[in-house]
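Below is one structure, written out as structure tokens; comments come after it.
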Amino acid sequence: MNSPLVKRLVLISVLGTSAAMLLMLAGILFPNPFLLVLVMSLGQGLGLLSLALFLLAVTLDIQGAVSAVYDYLPGSDEVDQPKSDDAAPSGLNPGA
């Protein structure tokens, strides 16, 4: 149901995570203190955004899978309901 949206969110999450890893790698390869603080902060922010997008994609995918199950469940008018004359009177015990 939400398959194109979920795929797009996962793709953006993967690209964001890759960019965050490249930023952190740049911080390790070029150990300038100001650059290190800048790229590590940007990398962490981009990584957290990617994680949030991935969790949103997982949630939407699970929600779509669960809602598809409801299509196969019988409706309330299709379920056999016990008739009122089949039920025992309220003051009687069936075993007594």
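Readers should treat all values here as calculations from the given coordinates under stated rules, not as data from a laboratory. Remember, it's a predicted structure, so these values are computed and weren't measured experimentally. Please note: Cβ atoms are built from the backbone with ideal geometry, for glycine as well, and neighbour counts cover all protein chains shown.
Quick look at the values:
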quantity	calculated
Separation of the Leu60 and Val14 label points, Cα + 7 Å toward Cβ, nm	1.6 nm
Cα radius of gyration and Dmax for the range 3-63 (Å)	13.9, 46
